[in-house]
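Structure, as structure tokens:
The values are calculated or read from the model by the stated rules, or taken from the named source; none is laboratory data. Since we're looking at a predicted model, the values are computed, not measured. Every residue, glycine among them, receives a Cβ derived from its backbone with ideal geometry; neighbour counts consider all protein chains shown. Each accessible area value is taken on the protein alone, full model and side chains, heavy atoms only, with ligands, DNA and RNA left out. Shrake-Rupley method; radii C 1.70, N 1.55, O 1.52, S 1.80 Å.
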Amino acid sequence: MVTRRAVVTGASTGIGEATVRALRASGWDVVGVARREERLAALVADTGASAVACDLTDPDAVAALVSELESTGQVHALVQVAGGARGTDRIEDGSVDDWQWMYDVNVLATQRLVSGLMPLLRRAAEADGHADTVFVTSTAAQVAYPGGGGYNAAKAAESMLVRALRQELNGEPIRVVEVAPGMVHTEEFTLNRLGGDRVAADAVYAGVEEPLQAEDVADVIAYALNAPARVNLDLVTMRPVAQSAQHLLARGPLSPRLED
């Protein structure tokens, strides 16, 4: 059996960190990628993964990442989790700087990674039968909502990139998987989006019975990568039971409507 190696971005927190742990638990070699070296060091010590600190919005840093990966072994999978949102302003009031950051971190960073790692993925597919790419987008890519215009636009662009890539790779043994979560309660996503306002961030989840956890998304990613090579999960949309649609969120206990 070949030990497969995955590159997981956004590995310092949330879904990325949980994915590193899930893949290590199922026997993968994993390279965690994130900006914060101290968090990566703790993850390496805890999981036995390796790590590379990298700012994915910096082309030179991504080129250095690709070079290091190439020199240290095969790359069988890219799991692109890194991304983020800033602000909840209406479009007319939005910050161009925030919109630029969201496009850079969600779309351009993804394109850089695909461009840089595709030669390595092809080599792994040639040697070992197939390779994989997994992209974590969002239900925000599917349905717009007030105050979400910048994030909606960035994640929709990333989702279109993924769908185009799948068609461009037709005929090659390289899977292209998109996972689009709804409400996920993670340590930093909403806090960062709301500029560090802890009260406002906590209010987003108030009363919601069991929002998704990072581990739930990581489990789906691990399944997609460990499934037989013939199986491609084109798009997995996942939400907590309390979130029936992007705009329909139950707050309070979930209970059956029993007949009198």
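Tabulated values for the structure
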quantity	calculated
Set LEU113, LEU161: member being touching a helix residue (DSSP H, G or I) at 6+ places or on another chain (Cβ under 7 Å), open to solvent by 10 Å² or more (accessible area, probe 1.4 Å), under 27 Å from ALA229 (Cα atoms) and not polar (S, T, N, Q)	LEU161
Filtered residues of region 7-24 (kept if hydrophobic (A, V, I, L, M, F, W, C) and touching a residue at least 40 places away in the same chain (Cβ under 8 Å))	VAL7, VAL8, ALA11, ILE15, ALA18, ALA22, LEU23
Helices (runs of 4 or more DSSP H) lying entirely in region 2-76 (those with 3 or more residues that are of a type in the set (A, V, I, L, M) and open to solvent by less than 20 Å² (accessible area, probe 1.4 Å))	14-25, 59-72
Residues of region 212-231 satisfying the condition of being over 15 Å from the mean Cα position of the chain (by Cα) and open to solvent by 20 Å² or more (accessible area, probe 1.4 Å)	ASN226, PRO228, ALA229, ARG230, VAL231
In region 232-260, the residues that are surrounded by fewer than 13 Cβ atoms within 10 Å (Cβ to Cβ), over 22 Å from ALA218 (Cβ atoms) and in contact (Cβ under 8 Å) with a residue 60 or more places away in the chain	ALA245, HIS247
Matching residues in region 214-231 - criterion: being in a loop (DSSP other than H, G, I, E, B) and without any contact (Cβ under 8 Å) to a residue 60 or more places away in the chain	ALA227, PRO228, ARG230, VAL231
Enumeration of residues in region 125-141 that are open to solvent by less than 20 Å² (accessible area, probe 1.4 Å) and touching a residue at least 60 places away in the same chain (Cβ under 8 Å)	ASP132, VAL134, VAL136, THR139, ALA140
